[in-house]
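The values are calculated or read from the model by the stated rules, or taken from the named source; none is laboratory data. Keep in mind the model is a prediction, meaning the values are calculated, not measured. All Cβ positions, glycine included, derive from the backbone under ideal geometry; neighbour counts span all protein chains shown. For accessibility, only protein heavy atoms count, side chains too; no ligands or nucleic acids. Shrake-Rupley method; radii C 1.70, N 1.55, O 1.52, S 1.80 Å.
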Amino acid sequence: MHSRHFLSLLDLSPDELRTLLLRAIELKKHLKAGQVHTPLARKTLAMIFDKSSTRTRVSFETGMIQLGGQAMFLSPRDTQFGRGEPIEDSARVLSRMVDAVMIRTFEHDRVEMFAAHSSVPVINGLTDLYHPCQLLADMQTWLEHRGDIRGATVAWVGDGNNMCHSYINAARQFDFRLNIACPENYFPKSSVVKPAGDRVQLMTEAAAAVEHADLVVTDVWASMGQEKEHGARQDVFRAFQVNEALLAMASRDALFMHCLPAHRNEEVTEGVLDGPQSVVWDEAENRLHAQKALLEFLIV
Ligand code: CP
Ligand code: NVA
């Protein structure tokens, strides 16, 4: 049971994270140059999805194939996970067969419990609490466009959700300042905010958060599992839309990121999403490269 897991950004040291991002950039360059690199030949990754996914599924599956291995998609609909086999038992069984497991689910406790009983590395592919793989891609994207993020100011605008929590952990690990603007009652969990100290500032005005920001980030107003709240949240979050006027209040060369999928003209306007400051397509592509570096780090 001595495997390293990646359940949150705090599972790797700042140095390990930096090395991993540099490796991701290197792997991206090699891939584009047509180099074949298959250190994971005959290795398998099991991917358990209790929630929908496009990017996470395709990037892990493609990544494993490019590294010489294979990924398998497991859904609760047609496995015993959906029929109540205890997580501990599933972890014991799967980890006797595969070389790593990626899980996307609801409660974060579930991935923690799985990892506690797994003899192979477990990767968090998104829980209600965190989405650390997305942050690897976001930090790689920043590094490619702007260099070291240390000391920069990042503005999170919108819901204090799993992505926001992962940005808080990123602020700790990569040492940047994070302004978070949310409607009252939608702030991130204080158990995640508090350990970040004064690097993280909570605000209720989007304009205050983006002032001097070098990077502006948002996400959907209702996450997976909150579909029923979607209508009610429209009114609550209206003042937190990232639009051209808001982005203009940030630093002149500020970048815009969104983990996607985006609801165009809801949390972000089409003009911003498709505009010159948006790097969302690089960000999405980098899921592939960053996770290949992660798989190499955990499995090889
Ligand atoms: N950003 C992200 O995780 O996308 P998917 O839900 O499509 O995997
Ligand atoms: N916060 C969103 C992110 C989707 C990638 C969700 O959890 O649905």
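Here are the numbers for this structure:
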item: Loop-located chymotrypsin sites (Phe, Trp or Tyr not before Pro) in the range 55-127 whose Cβ has at most 12 other Cβ within 10 Å (DSSP); result: none
item: Shape of the range 4-48, Cα gyration tensor, a/c cut at 1.5; result: oblate
item: Dimensions in Å of the range 140-181 - Rg and Dmax from alpha carbons; result: 10.2, 27
item: Computed lengthening from MET224 to ASP175, 0.36 nm per intervening residue step minus Cα-Cα distance; result: 14.7 nm
item: Amide hydrogen neighbours beyond the local backbone of MET203, cut-off 5 Å, H modeled; result: ILE180, ALA181, CYS182
item: Virtual spin-label span in nm between LEU22 and ARG252, 7 Å along Cα→Cβ; result: 3.2 nm
item: Derived scalar couplings ³J(HN,Hα) [the range 122-134; Karplus, 6.51 cos²θ - 1.76 cosθ + 1.60; whole Hz; x for Gly, Pro]; result: 10, 10, 7, x, 2, 10, 4, 8, 9, 9, x, 4, 5
item: Cα gyration tensor category, rounded, prolate or oblate, for the range 33-83 with a/c compared to 1.5; result: oblate
item: Note, ³J(HN,Hα) from phi for the range 167-178, Karplus 6.51, -1.76, 1.60, rounded to Hz, x at Gly and Pro; result: 5, 5, 5, 5, 4, 5, 6, 9, 6, 10, 8, 10
item: VAL98 long-range amide H proximity, modeled H, under 5 Å; result: none
item: Residue order for LYS189, LYS194 - accessible surface, 1.4 angstrom probe, largest first; result: LYS194, LYS189
item: Relative contact order %, the chain, counting alpha carbon pairs below 8 Å whose residues are six or more apart; result: 21 percent
item: Percent accessible area from carbon and sulfur atoms, the chain, protein chains only, probe 1.4 Å; result: 50 percent
item: Value of [θ]222 nm, deg cm²/dmol, for the chain, DSSP H segments ≥ 4, -39500 (n - 2.57) each, nearest 500; result: -12000 deg cm²/dmol
item: Percent of Cα pairs exceeding the 29 Å cut-off, where the set is the chain; result: 33 percent
item: Percentage, to the nearest whole number, of Cα pairs in the range 22-155 over 18 Å apart; result: 60 percent
item: Exposure rank, largest accessible area first [GLU184, GLU283, GLU229, GLU16; 1.4 Å]; result: GLU184, GLU229, GLU16, GLU283
item: Integer Hz, Karplus 6.51/-1.76/1.60 couplings in order for the range 40-51, x for Gly and Pro; result: 9, 3, 6, 8, 10, 10, 8, 10, 9, 10, 8, 10
item: Whether the range 200-298 is rounded, prolate or oblate, judged on the alpha carbon gyration tensor where a/c under 1.5 counts as rounded; result: oblate
item: Descending semi-axes in Å of the range 158-199, equivalent ellipsoid built from Cα gyration tensor; result: 16, 10, 9
item: Two-site label geometry, ARG42 and ASP78: point separation in nm, points 7 Å out along Cα→Cβ; result: 2.8 nm
item: Solvent-accessible area of CYS182 with every protein chain in place, 1.4 Å probe, in Å² to the nearest 10; result: 0 Å²
item: Calculated FRET efficiency for the pair ARG264/GLN70, C-beta based, R₀ 30 Å, to 0.05; result: 0.30
item: Accessible area expressed per residue, the chain, with surrounding protein chains retained (probe 1.4 Å, Å²); result: 43 Å²
item: Spacing of the two label points (7 Å from each Cα toward its C-beta) at GLU211 and HIS145, in nm; result: 2.4 nm
item: Largest-first principal axis extents of the Cα set of the range 157-231 (Å); result: 36, 25, 19
